[in-house]
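Taken together, the values in this text are just the output of simple stated rules run on the coordinates, not laboratory data. Predicted model only: the values in this text are computed from it and were never measured. Note: ideal-geometry Cβ built from the backbone for every residue, glycine included; neighbour counts use all protein chains shown.
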Amino acid sequence: MYSFSHMAKCEVAREQYDDDLENIAELSAIIHTGGSVLLGKEFKVEVSTEIEPLYTRINEILKKLYNSYAELYTDDDLTINKHIRYIITIPTEIALRVLFDCEILRLDEYGNSNLINDIENMLIIDDFAAKAYITGVFLACSTSSITLDNVQDNFNNGYQMEFLFSSEEMALSFASLLARFEIFAKKVMRKGAFVIYIKDVQSISDLLALVGANEAVLAFNQQVLMREIKNNINRQNNCLNSNITKTVNAAVEQTEAIKLIDSIIGLTSLPHELYTLAKLRLKMPNATLSELVDKYEERLSKSGIRHRLNKIISLAKTLNE
């Protein structure tokens, strides 16, 4: 069964942009965060993904902007990969142009091509382009701890969405871009890579909505609601169990005190109101205070019953000294 992250990406990958700048921004993000660039006599650009619809999405962009198509082959060695990976290759005849258009390559003063480890401002000149760039990053390098088939999987661990970057500069630029939409992320370094992550439920929901994963938003919010319901039920059960434990412990203490008094001075030595209550407790050792109130010969409240039982306990402690 596919993960929540996989299903959300497939949903987003089927969306399309009409605007050329938005298409370039998304393609740039995909290549920059999920691709590799091999520099040589010819530039080779590859994108590795587990999301098959991403191939169609990249082809739609290439056809619209360059009248060209990417190549696709699969790496289905499941002894290495948990899932089939799709390798999408940009045609070599347009690869260099794509890299310059996507602001991934830049010429220096000597005419040499250099890779850019940042998000160029021209790619995110307005909110529409910025949204497209975030969408590309989401498709290329996002993962999440969210599962939908079992609420218990997230019960203690919480929710988290992550984006993995090889460059710290790129990671910080992306975090800044998210903040533009009031989605605030944190950074951590893990195994030599830079991870931007979001743990806040509302921020995760906002991000999914921003990239167009509407079905995923609904599924995620339902998951969060189910977890809250389970949490509330558990809290109520814990409270109930705690009250039961207190009731049982109190009943045991009261019964032991009555037996001690009976063995030392006898219950008949007690005042009538304590004697009758002591006999009732011995007859109903597991009863709650409410049940004792119902069976007691006098009309007395729970606090009245508790006060008299405490007197019996105090007397037993005195006799035992």
Inset, instruction - State, as an integer percentage, the relative contact order of the stretch 245-320 based on alpha-carbon contacts under 8 Å between residues 6 or more apart. - result: 41
Legend entry - Nearest-20 debye value, the stretch 1-123 charge dipole, Cβ charges on Lys, Arg, Asp, Glu: 300
Inset, instruction - Only helical DSSP H runs with n ≥ 4 go in: add -39500 (n - 2.57) per run for the chain, normalise by residue count and round the 222 nm mean residue ellipticity to 500 deg cm²/dmol. - result: -18000 deg cm²/dmol
Inset, instruction - Identify the GluC sites (Glu not before Pro) of the stretch 179-266 meeting these criteria: DSSP loop state and at most 14 other C-beta atoms within 10 Å of the C-beta. - result: Glu182
Inset, instruction - Just subtract the alpha-carbon distance of Asn286 and Asp18 from 0.36 nm times their residue separation and send over the number in nm, one decimal. - result: 89.1 nm
Inset, instruction - Treat every Asp and Glu Cβ in the stretch 4-212 as -1 and every Lys and Arg Cβ as +1, leave all other atoms uncharged, and give the resulting dipole magnitude about the Cα centre to the nearest 20 debye. - result: 480
Legend entry - Length released on extending from Glu168 to Asn237, taking residue separation times 0.36 nm less the Cα-Cα span: 20.2 nm
Inset, instruction - Please work out the C-alpha center-to-center distance from the stretch 167-236 to the stretch 125-150 and express it in whole Å. - result: 10
Inset, instruction - Pick out, in residue order, every one of the GluC sites (Glu not before Pro) in the stretch 1-44 that is DSSP loop and has at most 10 other C-beta atoms within 10 Å; say none if there are none. - result: Glu42
Legend entry - Residue exposure sequence - Glu120, Glu71 - by fewest surrounding Cβ within 10 Å: Glu71, Glu120
Legend entry - Dipole of the chain, positive end: most advanced residue of Asn241, Ile51, Ile90 [Cβ charges, Cα centre]: Asn241
Legend entry - Inter-label distance for Ser303 and Thr268, nm, one decimal - labels placed 7 Å from Cα along Cα-to-Cβ: 3.6
Legend entry - Inter-site label distance for His6 and Lys199 at 7 Å from Cα along Cβ, in nm: 2.7
Inset, instruction - List the trypsin sites (Lys or Arg not before Pro) within the stretch 1-51 that fall in a DSSP loop (any state other than H, G, I, E or B) and whose Cβ has at most 14 other Cβ atoms within 10 Å. - result: Arg14, Lys41
Inset, instruction - Report the relative contact order of the chain, percent, no decimals, based on alpha-carbon pairs under 8 angstrom and at least 6 residues apart. - result: 14
